[in-house]
Each structure stands twice: as C-alpha cells, then as structure tokens.
Amino acid sequence: MSTSIHDLTNTDHILIIGGGLAGLFCALKLAPRPVTVISAAPLGHGASSAWAQGGIAAALAESDSAEAHAADTIAAGAGLVDEEVALALTREAAGRIEDLLRYGVPFDRDLAGRLALGREAAHSTRRIVHVRGDMAGQAIIAALTEAVRKTPSIRVIEGFVAEALLTEDNMTTGVQLRRRDDVVAKPVTIAAPAIVLATGGIGHLYAATTNPQEAGGLGLAIAARAGAVIADPEFVQFHPTAIMVGRDPAPLATEALRGEGAILINAKGERFMLARHPAAELAPRDIVARGVFAEIAAGRGAFLDARAALGARFAEKFPTVHASCIDGGLDPATQPIPIAPAAHYHMGGIAVDTRGRSSIAGLWAGGEVASTGAHGANRLASNSLLEAAVYAARIAEDIAGSVLSSPARALTARPIPRNCAMPARSGENLRTLMSSHVGVIRDGEHLAEAVRNFAVLERDTGNIALRNMATTALLVAASAFSRRESRGAHFRSDHPAEKTAFARRTMTTLDEARTVADRLNDAARPAAQPIMA
C-alpha cells in the first residue's frame, strides 16, 4: 500500500531503501512484519535488476551440483572469493528459484516442462534460468512489484532519495530523505529500528555504462559517510558487449548471445578472442572486455556477430536486444552489432557478513550495494540476481530474529548542503574522468590524478548529490591506486601481473580513502589545479 512520507517521521517499520530485486524480495520475506520500501523511482523502474538479461544461475540439472557452481564462482573471482560464502550461496540457489516461481516469475521451460537452462561465460555447464531469452530481470521485477503491492504489511513510498544515514555511537537511528523531483524541498527525516540498504550499484558514475541513472553509488556513499566499512571498491566489472548506438545508458547485448554461438569480430571480420584465451568468446568477462577495448583502441573496432548463430531467429530468442538494435538503426539478424566495454557491475560495496549485517549496528545491505565476498575480483555471469535473492532472504530472517528497539524520538535533519540539483557539467566531468582514469585499463599516474580530483570535489562541493557521487568515486579510485597489481576486473598496465601480497580482499573506509588523497597531494606539491569543474 502507499502512504505519505510525512506519516513516517517516527516508525516501527523496517525501512528498506531501494526498489530492485533485493529490496522487494526482502520486503516480501519480512511479511507480515511491517515494512516501508523507499524507492527513488516508481517500482519497476530505475533498478538495475529490471535490466538484467542473462538470468539467474542455479545448479538445477541432474548432472550439475552446488559444488560445481561454487567452483566456477571461485575460479572466476581470481583468488578473492570467500569459498564458504560461495558454496552457501550456490546451495541456496534452488530454494530461491522456487520462491520466485511462487511469486509468479515465468521462467522458460523445455518441451518436457522442466526449467530450461542456458550457458554463459565461465560456467562449466548449462545452469542459467531465463525468461523469454533475455527478459529475466524485467519479469522478476514485474512479478515482485505485483506481489509487494498486494501485501498489506508493505508500505511503498516512491520518488524519494536517501541523502544521509543518521547514526549515534555507530548505530543507525534513521535516514534523511528528499523528494527526488523537488531539489529545494526541506529534507524529511525518519527514525526507524532497522534499515536495509538495497540501492544498487555504481555504474552510472561512468560515462559508458549499462546501468540506469539511479545506479550512481548513492547507497555506498551514504554508508561510507556514516562510517561503514567498504569492501573491494576497486573491482568494477565492465560488460564487454554494450551496444554502441548513441544511448546513455548503453543497451546491453547479453552474454547469452555468445553462449548461443555469437562471435566477436573486428572491422576486418577477424575473431580476435581466439588468440587471447582458450575459451575465446566465452572467456571471463574481464578478459573479453580488455580484448574488445584493445581492438577499439587499435582502431579496428569491435562487433558482436550473431548472423550465423541466430540469423532470423534473433528476434524470437532475444527480443530485448533485437529491439535495442532496431531502435539504433541496425538489424542484428543481418548485421554485426557495434560494441564497446561499459561499466556493468560492482563487486565492491558495503562490507557485510553472512547475514547481510554491515559494520554499523542496525544497518543491513543487500544486492549490488553490498559486498559479501561471493564475487571476489570478478563476478561470474548471472550470480548477481542469485546473490540479491539469497541475501535478501537472509536479511529478512536475521531481522525477524533480532530484538529491535522502537525509535525513541524524531530526528533532526543534518546540516548538509541544501543545493541538491545536480550541476550537469560537474556530473558529466566526473563520469568522464571515471571512464578515462578508472576504467577498463588503469595506471598509477591516471589513478592518482583521479584520486586528487575526487577528494577535492568530495570535500568542497556544496551539492549533496554531487558530493555523494564524488564519495563513491574517491573510494573506487583510491583503492584501485593502492592495489598495485592486476587481478580479475582490476587491470593495471603498470602492474600487469597478479601478486601474492595482494591476494586478499580490500577493507577500507572513507577516512582511509581521504588519507590516500592527502598523501598523493603531499607528494605532488605544488599541486596542479584540479581538472574537475
């Protein structure tokens, strides 16, 4: 049900910030306990979950096992996956698929009525459940949205953005919100006994991304500013096959296309991945992304060619990708698709334990805003929706078993900048700098420049939205600068090899990222003028 934000200045409801898979699934799992879901966009819109094309990975075939799924996850994570976390995740996969089926998600089935299973890169077998080929995310969010709106214990407030977490003595006391479409409105504070952050990832901090505008790192930023420990922020996965048809965000050509036999070619028609990895087009995403990046940088261009593999069947098998191509003026049944790597998924996020608890008491995090240790340095395809569902269920169970005190009083808004309209030029400059300096291929000099500029912006800007963007950008860049090796999705051209000394997860804070910036400034004095405007 819907309600007014002004009815909630003090509530016994669990607050869930975010309307994607993690947020909605958690709300449903908490029923009949009272829950309020705060979503910046109307439910069903603005969540990266709804854009997911590949599907959900689960070991459902008789020839497959949770152990094999975990082994593939661990291999893809380049030495940083928490193996116990990965195995527990894959063992819960079948149960979460059953949950989604009960909520009405129409997963594809074969002629015998069994769930149809596809294969994607770095999986050793077919274990991906889809909806109409490439519509899994959309179908899941539609089903969960309908279920949430029918659940009496769930209140939904749309159109509000969380701009700060309120804490005392390392414990959450509430959240500060502001109406998304009214940048001069007075902020609203809500005291609550527990808060779940499910705000999504950071992809829109980059100029080239497959993520919606709402995925700008907000949840990570407000948690970091409240003192939360942040894990693995340097590991950003770039999807190798974003469709380059002049749209922001870029449409995604799902990895399942390559699973069905589509190949990667350059403008000369050459398959360039054959020389880069034994699995060619089905190599891990970081390797394929760098291969595509290299072809484009060399002036040869990069294309996804599904003509032989799919041809006239393209529209039926992959309707979403087909529509994106047609809208962009090309026919993928008869033409190669121009592609480029784009920021797609963040392995880093708020550090959480196996129950989804952060380092701040009363604050849980699930979905892409959290870092559980399941993905390591490089996410295995289609594990993200699985992780979101598994941890949303765990968070709900943990909260249901916790003794939560009722909010004692209303809260006072923090004295933070009141100008919330994003300056277009500054926002675009930040995104451009992230792509050019903290992108697919990185080096110390450019990372240092990014760190210094983001630190100035994070400290000095009077705009709360821009400050939150700069906070997350600073965390990513500072950790990338500090990891002087290449591992998984993090590639340093000046440190191209893995190093045993760095075979550990990053655990950091905003204060530590600021310290990295201070040291770089000390080393660089007299400092050049910041390039961010």
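The values are calculated or read from the model by the stated rules, or taken from the named source; none is laboratory data. Just so it is clear, the model here is predicted, and its values are computed rather than measured. In this analysis, Cβ positions are derived from the backbone assuming ideal geometry, glycine residues included, and neighbour counts consider all displayed protein chains.
Summary of values
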read-out: The stretch 214-234 - residue that is touching a His at 6+ places or on another chain (Cβ under 6 Å) and within 20 Å of Ser49 (Cβ to Cβ) and, of those, surrounded by the most Cβ atoms within 10 Å (Cβ to Cβ); value: Ala215
read-out: Check on Ala142, assigned to a helix (DSSP H, G or I), farther than 30 Å from Thr432 by Cα and not assigned by TED's automatic domain parsing to the domain that holds Asn429; value: yes
read-out: Which numbered condition Ile416 misses (of (1) in contact with an Asp or Glu (Cβ under 6 Å, 6 or more places away or on another chain); (2) modelled with pLDDT under 80); value: (1)
read-out: Sole exception among (1) assigned to a loop (DSSP other than H, G, I, E, B); (2) buried (at least 24 other Cβ atoms within 10 Å of the Cβ) for Ala86, by number; value: (1)
read-out: Residues being in contact with a Gly (Cβ under 8 Å, 6 or more places away or on another chain) and either over 14 Å from Ala342 (Cα atoms) or surrounded by fewer than 23 Cβ atoms within 10 Å (Cβ to Cβ) (or both) - total across the stretch 285-297; value: 1
read-out: Residue pairs meeting the criteria (Cβ under 6 Å; at least 6 apart or on separate chains; first in contact (Cβ under 8 Å) with a residue 12 or more places away in the chain, in the stretch 256-267; second part of a loop (DSSP other than H, G, I, E, B) and surrounded by 21 or more Cβ atoms within 10 Å (Cβ to Cβ)); value: Ala256/Gly54; Ala256/Glu120; Leu257/Ala306; Gly259/Glu120; Ala262/Ala306
read-out: Any hit, the stretch 213-230, residues being in contact with a Lys or Arg (Cβ under 7 Å, 6 or more places away or on another chain) and of a type outside the set (Phe, Trp, Tyr); value: no
read-out: Qualifying residue in the stretch 131-148 (condition: under 23 Å from Pro212 (Cβ atoms) and over 24 Å from the mean Cα position of the chain (by Cα)); value: no
read-out: Residue list for the stretch 27-62, filter: among the hydrophobic types (A, V, I, L, M, F, W, C) and either modelled with pLDDT under 90 or in a loop (DSSP other than H, G, I, E, B) (or both); value: Ala31, Ala40, Ala41, Leu43, Ala47, Ala50, Trp51, Ala52, Ala58, Ala59, Leu60, Ala61
read-out: Which numbered condition Ala242 misses (of (1) surrounded by 23 or more Cβ atoms within 10 Å (Cβ to Cβ); (2) under 24 Å from Ala470 (Cβ atoms); (3) small (Gly, Ala, Ser)); value: (2)
read-out: Single residue of the stretch 486-520 satisfying the filter (small (Gly, Ala, Ser) and free of Cβ contacts under 8 Å to residues at least 24 places away in the same chain) that is nearest to Gly348 (Cα to Cα); value: Ser486
read-out: Any hit, the stretch 42-63, residues being surrounded by fewer than 16 Cβ atoms within 10 Å (Cβ to Cβ), within 24 Å of Ala194 (Cα to Cα) and either touching a residue at least 12 places away in the same chain (Cβ under 8 Å) or of a type in the set (Phe, Trp, Tyr) (or both); value: yes
read-out: Candidate set from the stretch 97-127 (those that are touching a strand residue (DSSP E or B) at 6+ places or on another chain (Cβ under 8 Å) and part of a helix (DSSP H, G or I)); member that is nearest to Gly376 (Cα to Cα); value: Ile97
read-out: Residue match in the stretch 236-243 (condition: within 30 Å of Ala342 (Cβ to Cβ), among the aromatic types (Phe, Trp, Tyr) and assigned to a loop (DSSP other than H, G, I, E, B)); value: no
read-out: Matching residues, the stretch 67-83, being modelled with pLDDT of 95 or more, buried (at least 19 other Cβ atoms within 10 Å of the Cβ) and either in a helix (DSSP H, G or I) or in the same structural domain as Ser384 (by TED's automatic domain parsing) (or both); value: His69, Ala70, Asp72, Thr73, Ile74
read-out: Residue match in the stretch 444-451 (condition: among the hydrophobic types (A, V, I, L, M, F, W, C) and not in a helix (DSSP H, G or I)); value: no
read-out: Cross-chain or 6+ apart pairs with Cβ under 6 Å, the stretch 322-336 first and assigned by TED's automatic domain parsing to the domain that holds Leu257, then surrounded by 13 or more Cβ atoms within 10 Å (Cβ to Cβ) and modelled with pLDDT under 95; value: Ser324/Pro251; Gly328/Val245
read-out: Qualifying residue in the stretch 348-361 (condition: in contact with a Leu (Cβ under 9 Å, 6 or more places away or on another chain) and under 24 Å from Val129 (Cα atoms)); value: no
read-out: For His446: the one exception among (1) of a type outside the set (Lys, Arg); (2) touching a residue at least 12 places away in the same chain (Cβ under 8 Å); (3) in contact with a helix residue (DSSP H, G or I) (Cβ under 6 Å, 6 or more places away or on another chain); value: (2)
read-out: The stretch 191-213, subset in contact with a helix residue (DSSP H, G or I) (Cβ under 8 Å, 6 or more places away or on another chain) and more than 21 Å from Arg379 (Cβ to Cβ), residue surrounded by the most Cβ atoms within 10 Å (Cβ to Cβ); value: Val196
read-out: Subset of the stretch 499-533 (residues that are buried (at least 16 other Cβ atoms within 10 Å of the Cβ) and either modelled with pLDDT of 95 or more or not in a loop (DSSP other than H, G, I, E, B) (or both)); value: Phe502, Arg505, Thr506, Thr508, Thr509, Leu510, Glu512, Ala513, Arg514, Val516, Ala517, Leu520
read-out: Residue pairs meeting the criteria (Cβ under 6 Å; at least 6 apart or on separate chains; first at positive phi and in contact (Cβ under 8 Å) with a residue 40 or more places away in the chain, in the stretch 178-207; second crowded, with 24+ Cβ neighbours inside 10 Å and assigned to a loop (DSSP other than H, G, I, E, B)); value: Gly200/Gly20; Gly200/Ala215
read-out: Meets criteria (over 19 Å from the mean Cα position of the chain (by Cα), surrounded by fewer than 17 Cβ atoms within 10 Å (Cβ to Cβ), of a type outside the set (Asp, Glu) and assigned to a helix (DSSP H, G or I)) for Ala94; value: yes
